[in-house]
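Student: Before I ask anything, here is the structure I am working with.
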Amino acid sequence: MKKPIKIICCTLLIIAMTLTLMLTSMYVRPILAAPSQEANQILQDSLSIIEIDHEIERISQEQKTLIQHQQELRSNLITQQEQMTLQRNRAGSVLRSYYMGERDKLLSVVLGAKNLKQLLSLYDYYLLLISHDQDVLQEYESNVQTMRKTEQQVTQASLELEKVKTNLLEQRKRIVMLQSRVNEGVSASKDPDTLRKLISELTAYWENVGVYELNRHFKALAQAMQDLPQFIQQQQGAMITNGKTITINIREEDFNRFLKSENELFNHFNFSFKQDRIVVEGQQGTMKLMVEGHYTVENEPQNAILFHVDRLVFNGLELPDTTRNKLENDFDLGFYPQQLISYVKATEVHTSAGTLEVKLELSLK
C-alpha cells in the first residue's frame, strides 16, 4: 500500500515542477523582450505597486496587533489603578499609625511587660505588626513602579501606533500615485492591450518565481555570512594587529571564492568591492539580479557591521525601498566581530577597489 502512495507523490511532484517550469518560461519571454523606456518605467511602477501593496498589508496587520496590545495595556493599567487605590489606603493607614505614635505606644506596652513570658509574647506581636507594615509599604512601592512602567508602555504603544498610521497613509498615497501613473502610461501607449498583458505576466512571474528566488538567494547569503568569521581566521595575512587595533582586509576574489564554497547559487554571481559600496550582479536561469549596498558599524543592540541595500534591480526593474527594507529585516547579512574575537568591537568599515577593510579595537567591557 505504501509503494503506490510513494509513486503517486513522486508523480505529483514531477507534474508540479513541470508546471513551474512552464509558467516560468511563459512569463519570462515578454519581460525579456526589451520594452521601450516608457513601457519599462510602467512595468517598474507596476512592480512597485505590487510590493508596496504587500507592505500595506504588513503595516495593516502590525496596526491591528498594536491596537490590541494598546487595549491590553490600558486594561491592565485600569486594573492596576484600582489596586493602587486599595494599596494607597492601606499604606496611608500604616503611615498614619506611625505619625500618630501608635507603634510607639505599642513598643511602650512591650517594654512594660510584667514578666519574661509576657515580654516575649508582646515582642513577637510587635515584630509581626512591624513586618506587616513593611510588607504593605513595599507592596505599595512595587505597585507604584509597575503602574508607572505600564503607563510608559501605553505611551510608547501610542507613539508606535501613530508612527504606523502615518507610514500606512504614506504608502497608500504612494500606491495611488503609482497606479494613476501606470493607468495614464497604459492609456497613452501605442498598444495598451499588449502593455496590460506585459503587466499581468510580470505580476504572475514576480509572485510565482521572482519573490521565491530573491528570498532564496538572500537566505543563502545570510547563512553564508555566519561562516565568514571562520573563513577570515583561516586566511593568512587577513588580520593585522597594531597595538590595540586589528585590521581585517578581505579581498574581492577571496570573498567570491568563500561564497561559492558555501553555496552553488553564488556560482552565477559576482561580488564587487568598489569605493564605499558593494555591487552584486549575476543571472541564474531567467532571473537577472543586481544589488548595490554598503556596510555601516552599529552598536545597538550589539556591535556589528550591518549591510544596507541601497538598490535592488530585478530583471532590469528597480524594486522600491519597501522591498529593500523587508529584505534587510528578514535576512541578517551582518558581520559580528565578537564571533571572530570575543574581546573586540568594530569601529570602522570601508570598501575600496577590490578590498573590504574592517578596523577592530580591543574592548574589555
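The values are calculated or read from the model by the stated rules, or taken from the named source; none is laboratory data. Note that this is a predicted model, so its numbers are computed, not measured. For neighbour counting, all protein chains shown are included, and Cβ atoms are generated from backbone atoms with ideal geometry for every residue, glycine included. Side chains included, ligands, DNA and RNA excluded: accessible areas come from the protein's heavy atoms. Shrake-Rupley method; radii C 1.70, N 1.55, O 1.52, S 1.80 Å.
Student: For the range 38-43, in order, what is each residue's ³J(HN,Hα) by Karplus, 6.51 cos²θ - 1.76 cosθ + 1.60 with θ = phi - 60°, in whole Hz (x at glycine and Pro)?
Tutor: 5, 5, 4, 5, 5, 4
Student: Right, here's the next one. Which values, in whole Å and largest first, are the semi-axes of the equivalent ellipsoid of the range 143-202 obtained as the square root of 5 times each eigenvalue of the Cα gyration tensor?
Tutor: Taking √(5λ) for each eigenvalue gives 49, 10, 4 Å, largest first.
Student: Radius of gyration and Dmax for the range 300-339's Cα atoms, expressed in Å?
Tutor: 12.5, 38
Student: Between E281 and E207, what FRET efficiency comes out of the Förster formula 1/(1 + (r/R0)^6) with R0 = 30 Å and r the beta carbon distance, rounded to 0.05?
Tutor: On the way: r = 24 Å, r/R0 = 0.79.
The value I calculate is 0.80.
Student: While we're here: Once phi is turned into ³J(HN,Hα) by the Karplus curve 6.51 cos²θ - 1.76 cosθ + 1.60 with θ = phi - 60°, what whole-Hz value does each residue of the range 45-52 show in order, with x for glycine and proline?
Tutor: So the J values, rounded to whole Hz, are 5, 5, 5, 5, 4, 4, 5, 5.
Student: For the pair R181 and Q156, how long in nm is the line joining their label points, each one 7 Å along Cα→Cβ?
Tutor: 3.8
Student: Still on this model: Which ³J(HN,Hα) values, rounded to whole Hz and listed in residue order, are derived for the range 186-197 from phi using the Karplus coefficients 6.51, -1.76 and 1.60 in 6.51 cos²θ - 1.76 cosθ + 1.60 with θ = phi - 60°, glycine and proline given as x?
Tutor: 5, 5, 7, 6, 6, 9, x, 5, 5, 5, 4, 5
Student: Follow-up question, since we're still on this one. How many Å² of accessible area per residue for the range 277-333, probe 1.4 Å?
Tutor: Heavy-atom accessible area per residue stands at 45 Å².
Student: Once a ≥ b ≥ c are taken as the square roots of the eigenvalues of the Cα gyration tensor of the range 211-307, is the result rounded (a/c under 1.5), prolate (a/b larger than b/c) or oblate (a/b not larger than b/c)?
Tutor: The shape class here is prolate.
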